[in-house]
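Step one of this worksheet: look at the structure below.
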Amino acid sequence: MAIIPPDNERTLLVRIAGGDQSAYTQLYHHYAPEIFNVAMVFLKDDTEANEIVQDVFMKIWQKRDTLTAVDNFMNYLFILARNRIYDGFKKKATEQKALIHFYRNVSGAAVDDTGHRVQDRQYQELLQSAIDRLSPARRNVYLARSQGKNYETIAREFDISVATAKKQMTQAKQFIQHFILQYLHIYTLLLVNSHSIATLVKGHC
């Protein structure tokens, strides 16, 4: 399902700003899995993704006195995650092997067909992540439609009405679009910096 801020988020932020660790723990448990998922999309490593989560929330705690001025905490949180992920790539880029790997597999999409295939694979992985997070009913309808089945067939197969099948498909598509757009700004940030990365790579080749 889509990421929904806790109902008492503003209250939690005020409490955290005052040093309330229990409020901090509540917010951590609410958002940590989402930050982990973001990190995994790009890092593909459990340990590194967990490090991103810990670093992001450590920064939240260190800057807790500024939280009451944050208008959209979820956006603020994902910007911190984006920056931490990019900083990690820059650190790896100081080593020639890691730098070339990063350039060819992330920012090299504009270079040749291999880059396009990598980008397509990454998109498919992100799409699959979105599909996996659909409710069972919506996932069933979405996958059935992806296989070319019409709504009448889907309705019979899952013992639902045609109207329900269409509604489930619409909701599935909306969720997937929201899920992908949510992470797009991170991927865009990496691509925007591809020129400087490419320059560094050439210097090592």
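The values are calculated or read from the model by the stated rules, or taken from the named source; none is laboratory data. Being a predicted model, the structure only gives us computed values, none of them experimental. Neighbour counts are summed over all protein chains in view; Cβ atoms, including those assigned to glycine, are modelled from backbone coordinates with ideal geometry.
Within segment 15-27, count every residue that is within 9 Å of Arg64 (Cα to Cα) and part of a helix (DSSP H, G or I). Don't jump to the end; show me each part of the working.
Taking segment 15-27 as the starting set, the residues that turn out to be within 9 Å of Arg64 (Cα to Cα) are 16-19.
In the following step, the residues that additionally are part of a helix (DSSP H, G or I) were identified as 16-17.
Counting residues in segment 15-27 that are within 9 Å of Arg64 (Cα to Cα) and part of a helix (DSSP H, G or I) gives 2.
Being under 30 Å from Leu134 (Cβ atoms) and either free of Cβ contacts under 8 Å to residues at least 60 places away in the same chain or under 16 Å from the mean Cα position of the chain (by Cα) (or both) is true for just one of Met74, Met58. Which residue is that?
None of the others qualify; the one that does is Met74.
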**OP:** Answer yes or no: is there a residue in segment 165-186 that is closer than 30 Å to Asn75 by Cα, more than 25 Å from the chain's Cα centre (by Cα) and at pLDDT 55 or above.
**Re:** yes
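Restricting attention to helices (runs of 4 or more DSSP H) lying wholly within segment 38-138, give those where 2 or more residues are at pLDDT below 90 and among the β-branched types (Val, Ile, Thr).
Details: elements: 46-62, 73-92, 96-105, 113-132.
In segment 38-138, the matching helices (runs of 4 or more DSSP H) lie at 73-92, 113-132.
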